[in-house]
Amino acid sequence: MKIKICSRSALEKMSGSGFGPRTAVISITDVNEKEVRFYREPDFLLRLCFDDINSPFDMYGDARKLAVNLFSREQADQLAEFVFYCKDHIDILICQCRWGYSRSAAVTAAVREYFFQSGMKIFSDEEYYPNLYVFRETLKALKRISNLESRKMKVSVYSRKAVEKLIQEGFPDKTAVISFYDPETSGHIYEDYCPVDYKGKTDRLIRVPLHDIDLSVLPDFGLTYETYFPEADHVAKFIYSVKEDGYDIICQCEYGESRSSGCAAAILEHFYGTGISIFADYRYYPNQVVYHKILEALEAYKGKS
């Protein structure tokens, strides 16, 4: 993962020519500054808004007012979670602030220091003036989130094609699967269609026949919100069971975009409050009915246990 520092003008110029297919951007703006407008958005994007203040006791003004615009712990954790989420899916991480030498340099120094022990190179470069407060808070957040990540259940989204490749190349140990497949009544099912074969690859598998439809068209299928996805409670029990046994989870559907991502978002939101990471990922279009049904079922199951 290469990390690039840039200014607002440089990022906007870069956007015009298009980002590479494996690019993430952390865009930092002042509180009173307009967000950067992208001609073409990157695969992963995090927007943060805070002023270039070096500490809660900055002497350039009233500290009580300035602290409102200070880089917060919540933003630091959000940044760290973003980095951990996308680091295995990108080649380049771009850190941007207005002028490209203070806040963005601080974030870059912290990320480089945490992953590569090379943050000092940014401080030694006369081109940059890293914000020490942002650097320290980002580095602390990376360490804090890393400890949480090491204890978290890994939740992945796969398409049929991607998971069949995974099965051939080596299915991971202690990994459960929630596999969504098209019901027989789906009009587009071809003659030889069948669910993915996980035989011998996992001992924890639940298959769910489910139409990939949204709330507005449920009546066209003779369904209501209450009658759609009746297996949700069973899926919630399955999720809790495999989590307690220390398993990771793969959520898989035909194209790995809608039903599976809705399921993954619900799991992440329920256990870790990070479901937004799926909704913010441009690879996915989470089925919101699936998301809400599973999230409600998980909350209900938690209340009973």
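The values are calculated or read from the model by the stated rules, or taken from the named source; none is laboratory data. Predicted, not measured: the structure shown is a model, and the values here were computed from it. Cβ: placed from backbone, ideal geometry, glycine included. Neighbour counts: every protein chain shown. Ligands, DNA and RNA are stripped out before the accessible areas are found, and what is left, the full protein with its side chains, is counted by its heavy atoms. Shrake-Rupley method; radii C 1.70, N 1.55, O 1.52, S 1.80 Å.
Residue-wise test of (1) among the basic types (Lys, Arg); (2) over 25 Å from ASP30 (Cβ atoms).
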residue	(1), (2)
TYR101	no, no
ALA109	no, no
TYR114	no, yes
GLN117	no, yes
SER124	no, yes
ARG136	yes, no
LEU139	no, no
LEU142	no, no
LYS152	yes, yes
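Residues that are of a type in the set (Val, Ile, Thr) and in a loop (DSSP other than H, G, I, E, B) within the range 211-231 comprise ILE213, THR224, THR227, listed in sequence order.
Return yes or no: is TYR158 of a type in the set (Ser, Thr, Tyr), open to solvent by 30 Å² or more (accessible area, probe 1.4 Å), in contact (Cβ under 8 Å) with a residue 40 or more places away in the chain and in contact with a Gly (Cβ under 8 Å, 6 or more places away or on another chain)?
Details: of a type in the set (Ser, Thr, Tyr): yes; open to solvent by 30 Å² or more (accessible area, probe 1.4 Å): yes; in contact (Cβ under 8 Å) with a residue 40 or more places away in the chain: yes; in contact with a Gly (Cβ under 8 Å, 6 or more places away or on another chain): yes.
Considered against the rule, which asks whether it is of a type in the set (Ser, Thr, Tyr), open to solvent by 30 Å² or more (accessible area, probe 1.4 Å), in contact (Cβ under 8 Å) with a residue 40 or more places away in the chain and in contact with a Gly (Cβ under 8 Å, 6 or more places away or on another chain), TYR158 comes out as yes.
Select from the range 104-135 the residues that are more than 25 Å from the chain's Cα centre (by Cα), crowded, with 18+ Cβ neighbours inside 10 Å and of a type in the set (A, V, I, L, M) and list them in ascending order. Across the range 104-135, the qualifying residue is only ILE122.
The rows are residues; the columns are (1) in contact (Cβ under 8 Å) with a residue 24 or more places away in the chain; (2) under 30 Å from VAL25 (Cβ atoms).
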position: ASP214; (1), (2): yes, yes
position: PRO219; (1), (2): no, no
position: TYR228; (1), (2): yes, no
position: ALA232; (1), (2): yes, no
position: TYR255; (1), (2): yes, yes
position: ALA264; (1), (2): yes, yes
position: PRO286; (1), (2): yes, yes
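Within the range 221-268, the set of residues being among the β-branched types (Val, Ile, Thr) and open to solvent by 10 Å² or more (accessible area, probe 1.4 Å) comprises THR224, THR227.
Listed residues ALA105, ALA110; which is touching a Pro at 6+ places or on another chain (Cβ under 6 Å) and among the hydrophobic types (A, V, I, L, M, F, W, C)? First the steps, then the outcome.
Values: ALA110 fails: touching a Pro at 6+ places or on another chain (Cβ under 6 Å).
Sole residue among the options that is touching a Pro at 6+ places or on another chain (Cβ under 6 Å) and among the hydrophobic types (A, V, I, L, M, F, W, C): ALA105.
Only one of the numbered conditions (1) open to solvent by 80 Å² or more (accessible area, probe 1.4 Å); (2) out of contact with any strand residue (DSSP E or B) (no Cβ under 6 Å at 6 or more places or on another chain) is not met by TYR284, and that is (1).
Out of the range 17-28, which residues are open to solvent by 10 Å² or more (accessible area, probe 1.4 Å), out of contact with any Pro (no Cβ under 7 Å at 6 or more places or on another chain) and touching a residue at least 24 places away in the same chain (Cβ under 8 Å)? Step through it out loud before you land on a result.
Initial filter on the range 17-28 (open to solvent by 10 Å² or more (accessible area, probe 1.4 Å)): 17-22.
Checking which are out of contact with any Pro (no Cβ under 7 Å at 6 or more places or on another chain) leaves us with 17-18, 20-22.
Within the range 17-28, GLY20, ARG22 qualify.
Restricting attention to the range 8-54, the residues being of a type in the set (D, E, K, R) and over 21 Å from ARG283 (Cα atoms) number 9. Taken as a whole, the condition of being open to solvent by less than 10 Å² (accessible area, probe 1.4 Å), small (Gly, Ala, Ser) and more than 23 Å from SER159 (Cα to Cα) applies to ALA297.
Restricted to the range 52-95, and to residues there that are under 26 Å from SER277 (Cα atoms) and among the β-branched types (Val, Ile, Thr), the residue that is modelled with the lowest pLDDT is VAL68.
Based on this model, can you work out whether LEU205 counts as touching a residue at least 12 places away in the same chain (Cβ under 8 Å), open to solvent by 30 Å² or more (accessible area, probe 1.4 Å) and out of contact with any Phe, Trp or Tyr (no Cβ under 6 Å at 6 or more places or on another chain)? No.
Among the criteria (1) more than 18 Å from PHE238 (Cβ to Cβ); (2) crowded, with 20+ Cβ neighbours inside 10 Å, the one VAL163 does not fulfil is (1).
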